[in-house]
1. Please enumerate the residues belonging to segment 15-29 that are surrounded by fewer than 17 Cβ atoms within 10 Å (Cβ to Cβ) and among the aliphatic types (A, V, I, L, M).
2. Quick one: which helices (runs of 4 or more DSSP H) lie wholly within segment 7-115 and hold at least 3 residues that are basic (Lys, Arg)?
3. Enumerate the pairs (first residue in segment 40-59 and without any contact (Cβ under 8 Å) to a residue 60 or more places away in the chain and within 20 Å of GLY87 (Cβ to Cβ); second residue anywhere and in a helix (DSSP H, G or I) and small (Gly, Ala, Ser)) with beta-carbon separation below 9 Å, excluding pairs fewer than 6 apart on the same chain, so at least 6 apart or on different chains.
4. In segment 4-18, what residues are farther than 13 Å from VAL83 by Cβ and either in contact (Cβ under 8 Å) with a residue 24 or more places away in the chain or among the hydroxyl-bearing types (Ser, Thr, Tyr) (or both)?
5. Any idea which of GLU92, GLU97, GLU36, GLU72 is exposed (fewer than 15 other Cβ atoms within 10 Å of the Cβ) and at pLDDT 90 or above?
6. From the set of residues in segment 40-67 that are of a type in the set (Gly, Ala, Ser) and within 16 Å of ALA98 (Cβ to Cβ), which is nearest to the chain's Cα centre (by Cα)?
7. Given the criterion buried (at least 19 other Cβ atoms within 10 Å of the Cβ), under 19 Å from LEU19 (Cβ atoms) and β-branched (Val, Ile, Thr), identify the matching residue among ILE63, ILE46, ILE42, ILE56.
8. From (1) modelled with pLDDT of 90 or more; (2) surrounded by fewer than 17 Cβ atoms within 10 Å (Cβ to Cβ); (3) not in a helix (DSSP H, G or I), pick out the condition that doesn't hold for LEU4.
Amino acid sequence: MIILIMVKNILIVEDDADLRSVIREQLDGAGYNVLEAANGQIPLKIIAAQQVDLIITDIDMPIKNGLELLEEVKRDNAGIPVVVMTGGNHSEKLILEAGASAFVQKPFLTDIGTIVRKMAAA
């Protein structure tokens, strides 16, 4: 049996406003509704208030980092897939073992829209 994930509302969690804007433009252009957060604490409030179908988060952020966010999402909202992106020296294997649905190294070699479409078709 194949189960398709209907991805409509994507939450981008990235402290770099310029990168957040670039990702937003790619996803807006592909027809997704994009929500934004500048740190790892804000997404929990957004998730509590509205449906989020996919989270794309950076790791290194102020207040709460992306790995802490991933842990809380997997504990409290396990059905939401989380794509973790980083420009740092983080282990893809450890991030996937922590529950991430996908790992993206910055700078992106593939546009983020392609990654989202692949996840939506999985």
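The values are calculated or read from the model by the stated rules, or taken from the named source; none is laboratory data. This structure is a prediction, so every number in the text was calculated from the model and none was measured. Please note: Cβ atoms are built from the backbone with ideal geometry, for glycine as well, and neighbour counts cover all protein chains shown.
1. ALA17, VAL22
2. Filter on segment 7-115 gives an empty set.
3. Here the result reads GLY40/GLY66; THR57/GLY66; ASP58/GLY66; ILE59/GLY66, each pair linking segment 40-59 to a residue that is in a helix (DSSP H, G or I) and small (Gly, Ala, Ser).
4. Matches in segment 4-18: LEU4, MET6, LYS8, ASN9, ASP15, ASP16.
5. Only one candidate qualifies: GLU97.
6. It comes out as GLY66.
7. Just a single option satisfies the conditions, and that option is ILE56.
8. All conditions are met except number (1).
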